[in-house]
Amino acid sequence: MIDFLVKSTISLSILLVVYHLFLQKEKMFRFNRYFLLVSLLFSIGVSFISFEIQQDIPIAYNNVIKFQTLTANTLPIQEEVTGINIVEQTNYWLSLLWITYVAITLILSYRFIQNIYRITSKAKVSKIIVHQNIRMVLLSEETLPYSFWNSIYINQNDFENGLIEQELFTHEIAHVKQKHTLDVIFIEILKTLFWFNPIFIFYKKAMQLNHEFLADENVIRAHNDVCLYQKLLLNKLSTSQPIYLASNFNFLSTKKRLIMMTKITSKTRTLVMKSFAVLGILTLFLLFAFKPLPLGSKKTIVIDAGHGGEDTGAQIGAEQEKKIVENIAKKISRLNSKDEIEIILLRNDDSFVELSERVAKINKINPSLVISLHVNSSKNLNQNGVNAYVSKQNGFYEKSKESAENLVDKISNEKLAKGEVKDANYYVLKNSKCPALLVEIGYLTNENDRNYLVSENGQNEIANKIVEFIKL
């Protein structure tokens, strides 16, 4: 979410600057209208588009840890099994922020719907006619003509007595026929959903001003009297207050409208300005949508050895989960050649790393895969085997699940029974912005699994299997 908000805001800001610097002062209003709409759609959508450009590199592994035939070891076993489960961290501030967001969004949505109702409800109590193929709503209230959707709202007395200048009709007809209301509703929906981002306020002002430029252009083309229309605009400036959501004749920024009526933009300048605008969008697309990786770039794998420090994890006698997974992680790292695949250990000593810190490091590294190493425990001493977990809240759920299934297949052998892949919303899994899986390499509470896990040969074999899986 943070990534989306940052990228979309940067894109919106840059494109709005491009609009004000190169487009707004030029007489190419139709292009400007679509540029603003495309800028909004592009900035919202670009965060969800990602392309990676990379070259596959053949990988050869020669560095293998040798292991001998495994023999049973006699272990001191205590009767009581202690296990520390993976604890979910509940972020109450985040929940509060979401509640606040939803509450404010609902309030603004209600106001938005209410404003639409205030306008459209007038048609239910007013006389409606068709004039010049346009639906006219004749109001009893004193007001300048304004348009919303497919209707023009106008004072009934002024209309029936012929007091409405033809230029006003032409102006509002342009708003209706060019469907400017759709643009206004679209930006209002975005303002409602992203009320915390003021950039949409500036977009709405730019869009509404451009709508007036388009309507003014239509009036001048139809009546061919710029001076008369400018005087009319000045005379009507303070007649009534603009109607929210509607297209109003006396919309603010009158000075800019008067200037644009007489401005001339050459075809060459128009082409240059349009090129700058399109180039701006293409540049942002390349920056945000593509993730270029240099030729020969390394495949990065993060190995997250669970627990650490005072958090021992599962424990039987002197055998602790944190030590077993730390040893296996170090062996995986030693097996790897730096020129082939980069393997990063989140914990390479007996230190405790907070779950939030682990996730922060993972997302900063942005690896191809995260493998969180753990050892299981159960009150049922016969329970054994390798199991893995993935989270449906992870954006790479399918890739994570496929990797987890392959890893379970790879590690499982005659000494470690094959388990299954399960769904679990563990903190590291659901908050990593990359494929992530948690693997429980056997049960420390099962004698056969334990003998295999704590032995040097068993750990070597597991490390080799994981490296073989990584290079696939």
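Taking amide hydrogens as modeled 1.01 Å from N in the peptide plane, which residues meet the under 5 Å criterion relative to ILE441, leaving out close sequence neighbours?
The list, which skips near neighbours in sequence, is HIS374, VAL375, ASN376.
Starting at the first residue of segment 401-413, write each ³J(HN,Hα) from the Karplus equation 6.51 cos²θ - 1.76 cosθ + 1.60 with θ = phi - 60°, in whole Hz, x for Gly and Pro.
Taking θ as phi minus 60°, the curve returns 5, 4, 5, 4, 4, 5, 5, 4, 4, 5, 6, 5, 7 Hz for segment 401-413.
Answer rounded, prolate or oblate for segment 307-439, using the Cα gyration tensor with square roots of eigenvalues a ≥ b ≥ c: rounded when a/c is under 1.5, else prolate when a/b is larger than b/c, else oblate.
Cα axes put segment 307-439 in the rounded bin.
For segment 349-363, in order, what is each residue's ³J(HN,Hα) by Karplus, 6.51 cos²θ - 1.76 cosθ + 1.60 with θ = phi - 60°, in whole Hz (x at glycine and Pro)?
Couplings: 8, 7, 10, 9, 10, 4, 4, 5, 5, 4, 5, 4, 5, 4, 5 Hz.
State which entries of LYS361/LYS392; LYS299/LYS364; LYS322/LYS433 exceed 18 angstrom in Cα-Cα distance in the structure shown.
Check vs 18 Å cut-off fails for LYS361/LYS392; LYS322/LYS433.
Counting Lys and Arg as +1 and Asp and Glu as -1, each charge on the Cβ, what is the dipole of segment 308-421 about the Cα centre in debye, to the nearest 20?
80
Can you list residues from other chains, or at least 5 along the same chain, whose modelled amide H is less than 5 Å from the amide H of TYR153?
VAL137, TYR146, SER147, PHE148
Could you give me the ³J(HN,Hα) list for segment 431-448, computed from phi with Karplus coefficients 6.51, -1.76, 1.60 and θ = phi - 60°, whole Hz, x at Gly and Pro?
Calculated HN-Hα couplings, in order: 9, 7, 8, 6, x, 8, 9, 10, 10, 9, 8, x, 10, 5, 7, 9, 4, 5 Hz.
Mind checking which lysines have their C-alpha under 30 Å from LYS274, skipping anything on the same chain fewer than 8 residues away?
Of all the lysines, those that pass the test against LYS274 - Cα under 30 Å, at least 8 places apart if same chain - are LYS7, LYS25, LYS27, LYS177, LYS179, LYS191, LYS204, LYS205, LYS255, LYS256, LYS263, LYS291.
Please list, in chain and number order, the residues 5+ apart from GLU319 or on another chain whose amide H is under 5 Å from its amide H, with Hs placed from the backbone.
Here nothing satisfies the definition.
Cα gyration tensor of segment 352-406, axes a ≥ b ≥ c as square roots of the eigenvalues: rounded (a/c below 1.5), prolate (a/b > b/c) or oblate?
It is oblate, given that a/c is not under 1.5 and a/b is not larger than b/c.
Just subtract the alpha-carbon distance of PHE186 and LEU163 from 0.36 nm times their residue separation and send over the number in nm, one decimal.
Taking PHE186 through LEU163 to full extension adds about 4.9 nm, to one decimal.
Charges on Cβ only, +1 for Lys and Arg, -1 for Asp and Glu, centred on the Cα centroid of segment 372-472; of GLN383, ILE411, PHE396, which one is farthest towards the dipole's positive end?
Selected residue: PHE396.
Any read-out appearing in this document is the output of simple, stated calculations on the displayed coordinates, not a laboratory observation. What you are looking at is a predicted structure, and each value in this text was computed from that prediction instead of being measured. Cβ atoms come from the backbone with ideal geometry, glycine included; neighbour counts cover every protein chain shown.
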